[in-house]
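Encoded as structure tokens, the structure appears first; notes follow it.
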Amino acid sequence: MKKTLILFVVVLLSLTAVMATEKVSKTETATLGLSVRILEVFRAIDLTKEQAATLYEGLMDAKAKMDEMIGEKTELLEKLREALINDNEEQIKRIHEALNKRAEAFGEIQKSVITLFKENITLAQAEKLKNIIQRNIAGRFQKLDINPEVLRERVEQFKENPRELAEKLPEPMKEKLMNMTPEEKERALKEFEARAKGAMENMKQKSVEMKKKATIMKKEIGKKIGRLIFSPVFLDTLKDYAGIE
């Protein structure tokens, strides 16, 4: 059950990730391009017309609630501004409590959206979306000149004993090493060991940086969930795909 829930959370992240690099523009060409990209994702996961209709109705209901809450929050913030100017401590406290309740209610709406996808997207479709987001992130890493597989391989190589690595040196270098005196050989091996450890630490640092960038990407994607799946272009495309008049 836990694995199932995780997959359906990935649905939301994946759906927005594949569109995260697209900038919503007011121009008709950009809007049409984004709509086409959304439709390609729907087709890629074999989303049915019935599923699209259910998702559209659920998202529209959630959007109506969110819009209402945003309006209420705006009113509360205006009152809070006035209370802060007038130094009205009692009213400030009361408004903060109301804002906290709105935040909790907003969180419940987000949970309802996750449930909406959980109940209306199959595991196979969730898996396809997960693969899409993985390809999307891998592509972004390539633009940053970061290859996760190469980094992992190099880190594993440097975990080996540096003295064993010395045996894998090209023959000319190995021959030079073998012709050294015992003292020179020991000194050379220690220098090689130090360089290997330094290289390993460098690879580890790059791996850490890669993970940090992946975390940042996921956070950015998470922040864009509302803006993208509740955007007019997404909702209109979902509506048209479902065949709703």
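The values are calculated or read from the model by the stated rules, or taken from the named source; none is laboratory data. Owing to the predicted nature of the structure, the values given are computational and were not obtained by experimental measurement. For neighbour counting, all protein chains shown are included, and Cβ atoms are generated from backbone atoms with ideal geometry for every residue, glycine included. Areas reflect the complete protein model, heavy atoms only, side chains present, ligands, DNA and RNA absent. Shrake-Rupley method; radii C 1.70, N 1.55, O 1.52, S 1.80 Å.
Some observations on this one:
- Criterion (open to solvent by less than 80 Å² (accessible area, probe 1.4 Å), assigned to a helix (DSSP H, G or I), in contact with a Gly (Cβ under 7 Å, 6 or more places away or on another chain) and not assigned by the TED database to the domain that holds Leu235) met by exactly one of Leu116, Leu99: Leu116
- Residues being open to solvent by less than 70 Å² (accessible area, probe 1.4 Å) and touching a residue at least 40 places away in the same chain (Cβ under 8 Å) are represented in segment 68-83 by at least one member.
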